[in-house]
Each structure stands twice: as structure tokens, then as C-alpha cells.
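I have placed the structure first, in the form of C-alpha cells, so that the comments after it can refer back to it.
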Amino acid sequence: MLITNTDNCKLSPEFLGFCSVYMQRLKNYDPITYYHSMRVAESATLLGEQLGLSEDYIAQLRIGAMLHDIGKLSVPKSIILKPDKLDDHQRSVMENHPYAGYKLIEDICDSKIVLNCILKHHEKLSGKGYPLGLDSDDIPLEARIVSICDIYDALAFDRPYKRALPFPKIESILIKMAKDKEIDKMLTRTFLSNFSYHMRPYTKKISVFEEKKRELESNDNDRQKEELEVI
Ligand SMILES: [Fe+2]
Ligand SMILES: [Fe+2]
């Protein structure tokens, strides 16, 4: 997979190349998390557009959201795929994935927005999140956006340990989480104000993550591209 998201994006081609490699690794290692990450990237982009954020910010947000769970490469499959409740040790390994992802990307990424999405997407405004237990003032907008999109996607799709929930149920859970200061209230309101808008990623193709067909590149320089189907 070659990520060629260059529209209004100031991230370096070298970094985007690393992103391609890491996302391909994630796809091979844990396809469920890979497709989850691609959907969260699209949903975060839509929310960023709803909020009227700048194109450059949204471009970085999209990459940060796509990489938000890249640290799961360091989590054993026996934990990721476990259908039952995790024990304390397994939970601590799982809850280290934001930090593991941050360390993986830190030296090759010059975007604070991307790094914040990875490191802080499980922080809660109440201060009861992980891995840092940050106070609300220290949780940046990009991490708050990814957090909502991440939770929404986790509820809307099957996971090894739970079934997908119906949308009315998801809506009531998100409202309760906002009330309990687990996620941002204003962002939740914006997200829910056009719920169907956020369901779009699950029915349309992602157009920004293009996969070039290498074999076609070598034929007559006919640079045909293929969109990734998001399911
Ligand atoms: Fe995560
Ligand atoms: Fe996630």
C-alpha cells in the first residue's frame, strides 16, 4: 500500500512512505485493526470537515487517525484476539499500545498532530484515561476527535469480544460518555448532529489512500490507481 495523500498535506514523502510500510504490516498482522483504523481515519476527516478545520490540519489528522492503533503491532495476537475479558497483565500490555505506537513513530514524524492522535487517543477528559491520565486541558483537539471516532467504530462493528450494537444504542452510549466527561461534549454533539454523515465511511470508498498497481506502472507509464474498498 502506498499512501499518496499529498493534497494540502505538509507531511514529508519519506514519512508517508513509512506510514505505508507500517500500515501494510498492520494489515498483515491484524486485519481487524487495520480496517478499523482506515474507517477511523475517514470518520475523523469528516468530523474535521464538519468543524471547519483547515485543510492542512485535517490532512495531518487523517494520517494520525489512520496510525492511531499502530502500537498494536507490539501486542501479542493472543491478547488482541482474545474473546474473553483480559487479565490484569494482558490489560496493561493492551493499554500500552498508544505509547508503543508513539515510540515507533516518534523519530520519523515531525507532526505533533499525528503523534498526539497516536499517544493520546485513549485519554479521557475526566483524567481517567490511559496511558498518561492527562487532564482535559492537556488533551488536544486531534486526540479528542480520534477518541470519538474510535469509540464509535468500536461500537458499530464486531470485535472478537463483542458484537456490533445498533445505532440508537451507540448514540445513547456516546451521549452518556460525554456527560461523564469521557469524551468531548461539543464534539459529540457535532458528531451526532449528522450521524448519517459518519456512517458514510462504511458504505463508500476511501479516495485518499490510493494503492498503485505496481504491475500497471511498468506498462507504458500508465499510472492507473485503485481505491481501497472500506468495509
Ligand atoms: Fe487504541
Ligand atoms: Fe482504535
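The values are calculated or read from the model by the stated rules, or taken from the named source; none is laboratory data. Keep in mind it's a predicted model, so treat the numbers as computed, not measured. Reconstructed Cβ throughout: ideal geometry from the backbone, glycine too, with neighbour counts over all protein chains shown.
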Inset, instruction - Identify all residues within the stretch 158-177 that are in a helix (DSSP H, G or I) and either closer than 21 Å to residue 132 by Cβ or within 16 Å of ligand 1 (Cβ to nearest atom) (or both); write none if there are none. - result: 177
Legend entry - Matching entry among 139, 170, 183, 175 (being of a type in the set (Val, Ile, Thr) and within 14 Å of ligand 2 (Cβ to nearest atom)): 183
Inset, instruction - Output the number of residues of the stretch 19-73 satisfying the condition of being charged (D, E, K, R) and more than 17 Å from residue 115 (Cβ to Cβ). - result: 7
Inset, instruction - Consider residue 92 carefully, then state whether it is over 19 Å from the mean Cα position of the chain (by Cα) and hydroxyl-bearing (Ser, Thr, Tyr). - result: yes
Inset, instruction - Would you mind finding the one in 101, 52 that is surrounded by 17 or more Cβ atoms within 10 Å (Cβ to Cβ), small (Gly, Ala, Ser) and either away from ligand 2 (no atom under 16 Å from the Cβ) or at pLDDT 95 or above (or both)? - result: 101
Legend entry - Members of the stretch 21-41 that are under 19 Å from residue 81 (Cβ atoms) and aromatic (Phe, Trp, Tyr): 29, 34, 35
Inset, instruction - Please indicate, with yes or no, whether at least one residue in the stretch 48-68 is within 24 Å of residue 158 (Cβ to Cβ), within 16 Å of ligand 1 (Cβ to nearest atom), in a loop (DSSP other than H, G, I, E, B) and within 14 Å of the chain's Cα centre (by Cα). - result: yes
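Take the conditions away from ligand 2 (no atom under 15 Å from the Cβ) and buried (at least 22 other Cβ atoms within 10 Å of the Cβ) and apply them to residue 60. Does it pass?
Considered against the rule, which asks whether it is away from ligand 2 (no atom under 15 Å from the Cβ) and buried (at least 22 other Cβ atoms within 10 Å of the Cβ), residue 60 comes out as yes.
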Legend entry - Selection within the stretch 141-151 - out of contact with any Phe, Trp or Tyr (no Cβ under 7 Å at 6 or more places or on another chain) and either of a type outside the set (Asp, Glu) or closer than 25 Å to residue 77 by Cα (or both): 141, 143, 144, 145, 146, 147, 149, 150, 151
Inset, instruction - Would you mind telling me which numbered condition in (1) more than 23 Å from residue 12 (Cα to Cα); (2) in contact with an Asp or Glu (Cβ under 9 Å, 6 or more places away or on another chain); (3) among the acidic types (Asp, Glu) residue 84 fails? - result: (2)
